[in-house]
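A.B. asks: Please see the structure below; I have some questions.
The values are calculated or read from the model by the stated rules, or taken from the named source; none is laboratory data. Since this is a predicted model, take the numbers as computed values, not measurements. All Cβ positions, glycine included, derive from the backbone under ideal geometry; neighbour counts span all protein chains shown.
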Amino acid sequence: MVAEEHVINENMNKSDIKARIEKLREEIERHNYAYHVLDASDISDAVFDNLKNELVKLENANPEFITPTSPSQRVGGQPLDKFEKTKHSSPMMSIYDVFEETELKDWENQLKKILIEAGILAKLDYYAELKMDGLAMSLIYKNGEFVRGATRGDGKIGENVTNNLRTIKAIPLKIRQPKIEELEKIGLNEQQSVNVLQKISEGEIEVRGEAIMPLSVFEKLNKQALADNKAILANPRNAAAGSIRQLDSRVTASRQLDFYVYDIITDFGLLNHEAEHKLAGLLGFKVLTQNKYCHDLTEAIKFHHHWEKSRQSVGFDCDGCVIVVNNLGYWPKLGIVGKGPRYMRAYKFAAPQAVTKLKEVVWQVGRTGVLTPTAILEPVKLQGVTIGRTTLHNYDEIKRLDIKLGDTVIVERAGDVIPKIIGFLKDLRTGQEKIIELPKFCPVCGSKTELKAGEVAVRCLNKNCYAVKMRGLRHWVSKGAANIEGLGPKILEQLWQAGLIKDIADLYTLKKDDLLSLEGFREKSVNNLLVSVAAKKEMSLAKFIYALGIRHVGEETAISLQDYLVGVASANNITINIPTDILKVINYQKVEDFFEIDDVGEVVAKSIFKWFKSEEHISLLKKLDSVKIKILVNKDNQNLVLKGISFVLTGSFESLSRNEAKDKIRLLGGQASESVSKKTDYLVAGHEAGSKLAKALKLGVKILTEQDFLKMIGL
């Protein structure tokens, strides 16, 4: 056989060699598709190996014909110094978890309510998918060839790991060109089929999926590690993540990872999510065969219960199932809330558990003065993670669990992430266990504590408690709040100990000479700090409210409260420019008026009113007035220039960040959405605008450049 190949190669001219190489690549990729996607093969491993060997020999002898998409290039290349950052065309969002059937049914009721309000009365159907426990990835193909792969990162920016992903055999280096008949079988019409084929040959396609390590590979690698006296891998997910983030792609190649697609980002005009999975399979990607179309939520719940019992049979770690609204047309209407979409939920399997000893309970003081109990445990491994402590939330939780110091407690990871104590083993008690006492004094300042009747939180009564003040200061300067760079915990502690700050307003009275007298402060660092503080004297009303650290008020609630207060101010001819202006608006309202605001119920409304009615906080607002804190709300609240206008932002901008642009839009009365729909008025396209731009063009949405947008908002 070898001699015959040698004769053939010597008698070939360059044109023949190139043609042979191309034929071999097509044949190898065809068998790769049959083996990895269809789970079938019509040739033996030995024949397949012969094809690969011939290709490698021809390419080595004729390197000018080697291309990045050749099957021979999966072995890995030269190590990198570091990974480059890459922006995603649209955010890779999180999925909100549910753990009970009742939560899932509540979710469906919420979806139906939103659709009814949008004028849609429809019976929802779903697509149920196993939730793989691996690493989410984005793959970009141009003209049918794999050009870039990136990790999820923070959802907006990931790491370019293209070289490593090329080593995964389940990721096609060239997209498979399906036949028209195949596309028609999954419900595509003629125009959609032409669109698919056109984008394969001369367009850009993005898919997203999960890189995983099969359990068989994980066990084999750990067996070998033990034999070699090396450290074993903690769990398949960590192993997959570590393999993907290797600077040497040859290491990744040795880890034998797998990859399954769960979403096609490119808009092909498909009607449902099930069709996206079928199309992904036709394009040459692996999709989970276990996934299933469900006529209703009852079928989806049955899918979950079946695989919760049978998950050991799938060959990889999965921690639940993802239930997705199947109709893609409903997705824009259901929209995004926070960091995840409304139209899908991760219905998690029951969390694995472990037992350990409860050694101690320590009490930590939060920024609102609440003392939170933390359980100190004998370290125990749970799903490859060592658990040494976990929150007990409040004293009521301790009483509910009926646990004592020295108990053998049962620990699980809620959502496979957060450790929690769910009970204890009563029969293992020895009589030496001790009752967990409610602290009578603050562990930080020594002041008395109080547990009011009807409440679960025990509080430090000292309003000037160091821990409370320090956490409030840290919150004010944090990224989501005033975002003052250079004021980390150590510097805040130093300023406090020196007597230069006692509250957030004091940050804006810092003097150069006072700072220069402190250890470690130099002329340049002092100047930078003062510039940083001065630059953050202006902020949106939402950021100001969030930065105050009002109990129960997070970033999303602060935005809802901002919109409501601006409306009340407009109706009563009040201009909100300085902190105490908020008090004028509050005085026009009763606490009950706040109950219907998004994200604000009775508990949150009472907390807000209590904060703004407190003499201590009124004095603080007056002090913030005196240091010239300015709130950025449109001067003429009745003339919000962007009122009723919906924007979607895509790409990167030079003059301001995406978050700053969103703040400006909201400040002027507009709406900033994450997804493009027929209701979108404008798409603002920055550098490297991705699939959102293509979708906007298709829907006829007006496109603005960064300069167009800046003119519109008066910058």
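A.B. asks: With the checklist (1) of a type outside the set (S, T, Y); (2) outside the structural domain of L500 (by TED's automatic domain parsing); (3) free of Cβ contacts under 8 Å to residues at least 40 places away in the same chain in hand, flag the one item R522 doesn't pass.
C.D. replies: Going through the list (1) of a type outside the set (S, T, Y); (2) outside the structural domain of L500 (by TED's automatic domain parsing); (3) free of Cβ contacts under 8 Å to residues at least 40 places away in the same chain, R522 breaks only (2).
A.B. asks: Working only within the stretch 478-499, note down all residues that are crowded, with 18+ Cβ neighbours inside 10 Å and over 27 Å from P373 (Cβ atoms). Please lay out each step first, then the result.
C.D. replies: Keep residues of the stretch 478-499 that are crowded, with 18+ Cβ neighbours inside 10 Å, which gives 481-482, 484, 487, 492, 495.
Those that are crowded, with 18+ Cβ neighbours inside 10 Å and over 27 Å from P373 (Cβ atoms): A482, I484, L487, L495.
A.B. asks: Could I ask something else about it? Starting from residues that are in contact (Cβ under 8 Å) with a residue 40 or more places away in the chain and of a type in the set (V, I, T), keep the ones in the stretch 91-108 and report whichever is farthest from N659 (Cα to Cα).
C.D. replies: V98
A.B. asks: Another question about this same structure. What are the residues in the stretch 537-561 that are in contact (Cβ under 8 Å) with a residue 40 or more places away in the chain and assigned to a helix (DSSP H, G or I), if any?
C.D. replies: Selection gives L541, A542, K543, F544, Y546, A547, E555, E556, T557, I559, S560, L561.
A.B. asks: Still on this model: Take the stretch 503-520 and flag every residue that is among the charged types (D, E, K, R), part of a helix (DSSP H, G or I) and over 17 Å from G549 (Cα atoms). So that I can check it myself, show each step before the final result.
C.D. replies: Residues of the stretch 503-520 that are among the charged types (D, E, K, R), as a first pass: 503, 506, 511-514, 519.
Checking the rest, the ones that are also part of a helix (DSSP H, G or I) come to 506, 512-514.
Within the stretch 503-520, K512, D513, D514 qualify.
A.B. asks: Further question: If a residue must be in a loop (DSSP other than H, G, I, E, B) and surrounded by fewer than 19 Cβ atoms within 10 Å (Cβ to Cβ), how many such residues does the stretch 177-196 contain? It would help to see each step written out before you state the result.
C.D. replies: Taking the stretch 177-196 as the starting set, the residues that turn out to be in a loop (DSSP other than H, G, I, E, B) are 177-179, 186-189.
If we keep only those that are surrounded by fewer than 19 Cβ atoms within 10 Å (Cβ to Cβ) too, we end up with 177, 179, 186-187, 189.
Residues that pass the stated criteria total 5.
A.B. asks: How many of the residues making up the stretch 415-447 are charged (D, E, K, R) and either surrounded by 15 or more Cβ atoms within 10 Å (Cβ to Cβ) or not assigned by TED's automatic domain parsing to the domain that holds K381 (or both)? Please lay out each step first, then the result.
C.D. replies: So the first thing to find is which residues in the stretch 415-447 are charged (D, E, K, R), and the list is 416, 420, 426-427, 429, 433-434, 437, 440.
Applying the additional criterion that residues be either surrounded by 15 or more Cβ atoms within 10 Å (Cβ to Cβ) or not assigned by TED's automatic domain parsing to the domain that holds K381 (or both) yields 416, 420, 433.
Total meeting the criteria: 3.
A.B. asks: Counting residues that are within 22 Å of H88 (Cβ to Cβ) and out of contact with any Ser or Thr (no Cβ under 7 Å at 6 or more places or on another chain), which helices (runs of 4 or more DSSP H) fully inside the stretch 228-313 reach at least 1? Give the derivation first.
C.D. replies: Numbers: elements: 236-244, 249-254, 273-282, 297-310.
Output list reads 236-244, 273-282.
A.B. asks: For the stretch 558-595, give me each residue that is of a type in the set (S, T, Y) and in contact with a Phe, Trp or Tyr (Cβ under 8 Å, 6 or more places away or on another chain).
C.D. replies: Of everything in the stretch 558-595, just one residue is of a type in the set (S, T, Y) and in contact with a Phe, Trp or Tyr (Cβ under 8 Å, 6 or more places away or on another chain), namely Y564.
A.B. asks: Moving to a separate point now. Being touching a Gly at 6+ places or on another chain (Cβ under 9 Å), among the small types (G, A, S) and either at pLDDT below 90 or within 24 Å of H552 (Cβ to Cβ) (or both), is that true of even one residue in the stretch 486-496?
C.D. replies: Checking the stretch 486-496: not a single residue is touching a Gly at 6+ places or on another chain (Cβ under 9 Å), among the small types (G, A, S) and either at pLDDT below 90 or within 24 Å of H552 (Cβ to Cβ) (or both).
A.B. asks: When you check Y141 against the structure, is it in the same structural domain as L271 (by TED's automatic domain parsing), in contact with a Cys (Cβ under 9 Å, 6 or more places away or on another chain) and touching a residue at least 24 places away in the same chain (Cβ under 8 Å), yes or no? Walk me through it before giving the result.
C.D. replies: Numbers: in the same structural domain as L271 (by TED's automatic domain parsing): yes; in contact with a Cys (Cβ under 9 Å, 6 or more places away or on another chain): no; touching a residue at least 24 places away in the same chain (Cβ under 8 Å): yes.
For Y141, the condition - in the same structural domain as L271 (by TED's automatic domain parsing), in contact with a Cys (Cβ under 9 Å, 6 or more places away or on another chain) and touching a residue at least 24 places away in the same chain (Cβ under 8 Å) - is not met.
A.B. asks: Among the residues of the stretch 215-236, is there at least one that is basic (K, R) and either touching a residue at least 24 places away in the same chain (Cβ under 8 Å) or in contact with a Lys or Arg (Cβ under 8 Å, 6 or more places away or on another chain) (or both)? If you could, list the steps in order and put the result at the bottom.
C.D. replies: Kept after step one, since they are basic (K, R), are these residues of the stretch 215-236: 220, 223, 230.
Okay, now just the ones that are also either touching a residue at least 24 places away in the same chain (Cβ under 8 Å) or in contact with a Lys or Arg (Cβ under 8 Å, 6 or more places away or on another chain) (or both), so none.
No, the stretch 215-236 contains no residue that is basic (K, R) and either touching a residue at least 24 places away in the same chain (Cβ under 8 Å) or in contact with a Lys or Arg (Cβ under 8 Å, 6 or more places away or on another chain) (or both).
A.B. asks: Is the stretch 320-342 home to any residue that is in a strand (DSSP E or B), touching a Gly at 6+ places or on another chain (Cβ under 8 Å) and under 18 Å from A136 (Cα atoms)?
C.D. replies: Of the stretch 320-342, the ones in a strand (DSSP E or B) are 320-325, 327, 336-337, 340-341.
Filter once more, so that each one left must be touching a Gly at 6+ places or on another chain (Cβ under 8 Å): 341.
Add one more test, that the residue is under 18 Å from A136 (Cα atoms), and what stays is 341.
The answer is yes, given that some residue of the stretch 320-342 is in a strand (DSSP E or B), touching a Gly at 6+ places or on another chain (Cβ under 8 Å) and under 18 Å from A136 (Cα atoms).
A.B. asks: Find all pairs meeting these conditions: Cβ atoms under 6 angstrom apart; at least six residues apart or on different chains; first residue within the stretch 62-81 and in a helix (DSSP H, G or I) and at pLDDT 60 or above; second residue among the polar types (S, T, N, Q) and surrounded by 14 or more Cβ atoms within 10 Å (Cβ to Cβ).
C.D. replies: R74/T167
A.B. asks: Hey, another quick one. Against the condition within 30 Å of I491 (Cβ to Cβ), surrounded by 20 or more Cβ atoms within 10 Å (Cβ to Cβ) and within 26 Å of the chain's Cα centre (by Cα), how does G549 come out, does it pass?
C.D. replies: Values: within 30 Å of I491 (Cβ to Cβ): yes; surrounded by 20 or more Cβ atoms within 10 Å (Cβ to Cβ): yes; within 26 Å of the chain's Cα centre (by Cα): yes.
Taking the combined requirement at face value, the residue satisfies it.
A.B. asks: Another question about this same structure. Quick one: which strands (runs of 3 or more DSSP E) sit completely within the stretch 399-502 and have at least 2 residues that are out of contact with any helix residue (DSSP H, G or I) (no Cβ under 7 Å at 6 or more places or on another chain), closer than 30 Å to D133 by Cβ and among the charged types (D, E, K, R)?
C.D. replies: On the way: elements: 408-414, 418-424, 458-460.
So the answer is 408-414.
A.B. asks: Then there's this: So for the stretch 217-239 (the condition being touching a helix residue (DSSP H, G or I) at 6+ places or on another chain (Cβ under 7 Å), over 20 Å from F83 (Cα atoms) and at pLDDT 90 or above), does at least one residue qualify?
C.D. replies: Within the stretch 217-239 (the criterion being touching a helix residue (DSSP H, G or I) at 6+ places or on another chain (Cβ under 7 Å), over 20 Å from F83 (Cα atoms) and at pLDDT 90 or above), the answer is no, since none of the residues qualifies.
A.B. asks: Taking L438 as the residue in question, decide whether it is touching a residue at least 24 places away in the same chain (Cβ under 8 Å) and under 19 Å from K404 (Cβ atoms). Spell out how you get there, then give the answer.
C.D. replies: Values: touching a residue at least 24 places away in the same chain (Cβ under 8 Å): yes; under 19 Å from K404 (Cβ atoms): yes.
Spelling it out, L438 is indeed touching a residue at least 24 places away in the same chain (Cβ under 8 Å) and under 19 Å from K404 (Cβ atoms).
A.B. asks: Within the set of pairs 6+ apart or on separate chains, which have a first residue in the stretch 292-314 that is over 15 Å from N272 (Cβ atoms), a second that is part of a helix (DSSP H, G or I), and C-beta atoms under 8 Å apart?
C.D. replies: L297/L104; L297/K105; L297/E108; I301/E101; I301/L104; V314/W307
A.B. asks: With the requirement that a residue be touching a Ser or Thr at 6+ places or on another chain (Cβ under 9 Å), aliphatic (A, V, I, L, M) and within 14 Å of M712 (Cβ to Cβ), what does the stretch 666-697 give you?
C.D. replies: We begin by selecting, within the stretch 666-697, every residue touching a Ser or Thr at 6+ places or on another chain (Cβ under 9 Å); these are 666-667, 670-677, 679-696.
Those left that are additionally aliphatic (A, V, I, L, M): 667, 672, 676, 683-685, 689, 693-694, 696.
The answer is L667, A672, L683, V684, A685.
A.B. asks: Given (1) at pLDDT below 90; (2) surrounded by 15 or more Cβ atoms within 10 Å (Cβ to Cβ); (3) under 22 Å from L135 (Cα atoms); (4) of a type in the set (V, I, T), where does I168 come up short, assuming only one miss?
C.D. replies: Condition (1) is where I168 drops out.
A.B. asks: If T391 meets every condition in (1) buried (at least 18 other Cβ atoms within 10 Å of the Cβ); (2) under 33 Å from the mean Cα position of the chain (by Cα); (3) assigned by TED's automatic domain parsing to the domain that holds W363 apart from one, which number is that one?
C.D. replies: The single condition T391 does not satisfy is (1).
A.B. asks: Among the residues of the stretch 276-308, write down those that are in contact with a Phe, Trp or Tyr (Cβ under 9 Å, 6 or more places away or on another chain), under 24 Å from H31 (Cα atoms) and of a type outside the set (K, R).
C.D. replies: Passing the criteria: E276, H277, L279, A280, L283, G284, F285, V287, L288, Q290, N291.
A.B. asks: Taking L282 as the residue in question, decide whether it is over 26 Å from the mean Cα position of the chain (by Cα) and either surrounded by fewer than 19 Cβ atoms within 10 Å (Cβ to Cβ) or under 26 Å from P214 (Cβ atoms) (or both). Steps first, please.
C.D. replies: Working: over 26 Å from the mean Cα position of the chain (by Cα): yes; either surrounded by fewer than 19 Cβ atoms within 10 Å (Cβ to Cβ) or under 26 Å from P214 (Cβ atoms) (or both): yes.
Criteria met by L282.
A.B. asks: Could you check the stretch 309-321 and list, in sequence order, the residues that are of a type in the set (A, V, I, L, M, F, W, C), buried (at least 20 other Cβ atoms within 10 Å of the Cβ) and touching a Phe, Trp or Tyr at 6+ places or on another chain (Cβ under 8 Å)? Give the derivation first.
C.D. replies: Here is the first cut: in the stretch 309-321, the ones of a type in the set (A, V, I, L, M, F, W, C) are 314, 316, 318, 321.
With the extra rule that they be buried (at least 20 other Cβ atoms within 10 Å of the Cβ), the set shrinks to 316, 318, 321.
Of everything in the stretch 309-321, those that are of a type in the set (A, V, I, L, M, F, W, C), buried (at least 20 other Cβ atoms within 10 Å of the Cβ) and touching a Phe, Trp or Tyr at 6+ places or on another chain (Cβ under 8 Å) turn out to be C318, C321.
A.B. asks: A follow-up question, please. Would you say E210 is more than 19 Å from R250 (Cβ to Cβ) and assigned to a strand (DSSP E or B)?
C.D. replies: Values: more than 19 Å from R250 (Cβ to Cβ): yes; assigned to a strand (DSSP E or B): yes.
In short, yes.
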